[in-house]
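Structure first, commentary second.
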Amino acid sequence: MFIDEIKIYAQAGHGGKGCVAFHREAYITKGGPSGGNGGRGGSVILQADHDLNNLIQQYYVPRLIALGGEGGMGKGMDGHAGKDLIVKVPCGTLVWQLKDTTPPIEKKMRRDDDEEEDEEQSENMMLGTSTGKRPLFRTSQGKSALEIDLSKDAEDTENTPDGIENKGELVADLTTHGQQFVLCKGGRGGLGNRNFATARHQTPRFAQPGEPGSEGEYLLELRIMAEIGLVGYPNAGKSTLLTAISRARPKIAAYPFTTLTPQVGIVEFLPDYKRLTVCDVPGLIEGAHNNVGLGHEFLRHIERCKIIVLLLDMAGTDNRKPWDDYKQLLKELELYDPALLEKDRLVVANKMDEAIAEENLKQFKKKFKKVSVLPISAAFDQGLEKFKLTIREAVEAAEKA
Ligand SMILES: Nc1nc2c(ncn2[C@@H]2O[C@H](COP(=O)(O)OP(=O)(O)OP(=O)(O)O)[C@@H](O)[C@H]2O)c(=O)[nH]1
Ligand SMILES: [Mg+2]
């Protein structure tokens with residue numbers, strides 16, 4: 001299963017409470033306050049990891065809850081801090097905050113304030129209109145029912161920033177291996193009573209409670225970090241090309257939509273061992289923006305690519321025309337995000353081993369005189385060295401720009 005978007009709930013640990021205690025020891029009278037501090041709560045931390053390629057772990061464990069801190073103890077002993085919960089996510093994960101992380105206690109206090117204001121307002125309303133908040137019963141055909149204004153509820157639910165449709169606010173983008181982001185910070189531990197002893201108040205019989213940790217709902221979205229994105233119609237040979245130039249082994253077959261999830265391969269260049277990552281996304285077809293085929297869903301994975309390779313089937317399998325495919329692919333990319341067309345593009349003609357391909361390529365060049373096309377045959381290893389060199393040069397040029 002490939003998961004690239006998942007909603008999670010995270011809650012940091014509560015701080016431990018401070019202790020009220022007094023020192024007791026033989027021959028020491030009035031030993032004074034000795035309550036230790038509570039430990040801080042554990043935080044929920046996201047850490048980017050290049051060994052992961054999707055968010056499947058969060059699919060199985062969508063509630064990330066860190067441990068609380070221990071309370072303080074007598075004899076001046078501080079409580080243990082709660083252990084941080086470090087959650088590994090793939091590089092390229094974006095974190096969207098769906099709900100605020102205000103500690104529940106603050107929320108409650110705010111809510112109480114609001115309620116007081118509401119009560120004042122409703123009193124005014126009651127004075128203004130006689131019906132006020134009185135329930136209204138309607139009778140029809142001998143039956144009576146309470147009238148409820150549903151339109152108000154509908155407005156409320158429309159405005160709430162909930163659900164995956166509304167992504168909320170972007171709070172982090174984890175791109176490099178080892179990068180950490182504190183999703184929810186653990187609550188502070190409370191101070192024990194020994195902190196409150198003063199010359200005038202030598203026996204404080206109070207201590208602080210720990211503070212609650214922050215919590216919230218988040219949406220994790222994976223946008224794969226690859227330098228090159230392979231885009232093409234189904235059966236164009238994207239997976240065959242990826243297999244030929246890297247050690248990735250995606251499934252290859254002569255039917256459309258063989259590849260159902262994005263696949264990443266690493267191309268290694270000798271003699272300097274430079275590495276480039278290539279991402280093969282499931283095929284696009286006409287109307288993908290209307291969710292035809294696998295739709296636009298996987299195009300998010302080429303958003304971060306430096307180069308987009310448009311792979312065309314020059315043999316025109318399934319009676320398709322390469323020039324129509326080319327136009328359609330550009331149109332679908334534009335419909336997804338016009339910024340994709342501003343990226344550097346490389347047009348590659350595949351299946352040049354087939355008889356009809358030469359003729360099609362000539363016609364294609366006639367129709368698009370300004371577009372330079374690189375002919376290859378992925379299945380027969382033709383033109384692949386040139387392809388690898390071209391993508392390397394293009395990536396280096398894009399990096400310099
Ligand atoms: N003759 C010829 N056939 C090829 C070439 N490259 C790929 N094919 C064939 O085209 C078919 C589809 O190849 P895939 O690599 O699965 O195509 P894809 O673009 O990944 O397709 P989807 O995953 O369905 O989007 C397979 O039967 C391949 O053997 C080529 O250079 N020449
Ligand atoms: Mg494929």
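Distant-in-sequence amide contacts of Phe22, defined by a placed amide H-H separation under 5 Å and a gap of 5 or more residues or a different chain, comprise Ser34.
Across Leu98, Leu361, Leu230, mean-square fluctuation computed from a Gaussian network of the chain (C-alpha pairs under 10 Å connected) peaks at Leu361.
One Cα centroid belongs to region 248-313, the other to region 1-54; the line between them spans 44 Å. Pairs of Cα atoms in the chain fall into 20 Å distance bins, from 0 up to the last occupied one, in shares of 21, 35, 26, 16, 3, 0 percent. How far, in degrees from 0 to 90, does helix 384-400 lean away from the longest principal axis of the Cα atoms of the chain, to the nearest 10? It works out to around 50 degrees. By the beta-carbon count within 10 Å of each Cβ, the least crowded to most crowded order of Tyr9, Tyr233, Tyr27, fewest first, is Tyr27, Tyr9, Tyr233.
Remark on Val89: its backbone amide H falls under 5 Å from those of Gln47, Ala48, Asp49, a criterion applied only to residues 5 or more positions apart or on other chains, H modelled at 1.01 Å from N. Beta bridges from DSSP with both residues in region 228-400: antiparallel share about 30 percent, rounded to the nearest 5.
For the chain, relative contact order (Cα pairs under 8 Å, six or more residues apart, normalised by length) works out to 17 percent. The angle separating the long axis of helix 104-128 from the principal Cα axis of greatest extent in the chain is about 80 degrees. Pairs with C-alpha atoms separated by more than 25 Å, drawn from the list Lys327/Lys400; Lys7/Lys343; Lys274/Lys400; Lys88/Lys251, are Lys327/Lys400; Lys7/Lys343; Lys88/Lys251. Result for the chain in a Gaussian network model with C-alpha springs under 10 Å: among Ala254, Ala172, Ala21, the largest mean-square fluctuation is at Ala254. Using C-alpha pairs under 8 Å with a sequence gap of at least 6, the mean separation divided by the residue count of region 228-400 gives a relative contact order of 22 percent. Just checking the listed ones, Asn291, Asn37, Asn319: in the Gaussian network model of the chain with Cα springs under 10 Å, the one fluctuating most is Asn319. Helix 355-367 axis versus longest C-alpha principal axis of the chain: approximately 70°, rounded to the nearest ten. Check Phe257: other-chain or 5+ apart residues with amide H under 5 Å from its amide H, H built from backbone geometry? Counting only residues 5 or more places away or on other chains, the set is Asn235, Gly283.
Estimated from helical segments only, the mean residue ellipticity of the chain at 222 nm is -7500 deg cm²/dmol, where each DSSP H run of four or more residues counts as -39500 (n - 2.57).
Only the coordinates and a few stated rules stand behind these numbers; no lab work does. Just so it is clear, the structure is predicted and the values come from calculations on it, not from any experiment. Note that we place each Cβ from the backbone using ideal geometry, even for glycine, and neighbour counts take in every protein chain shown.
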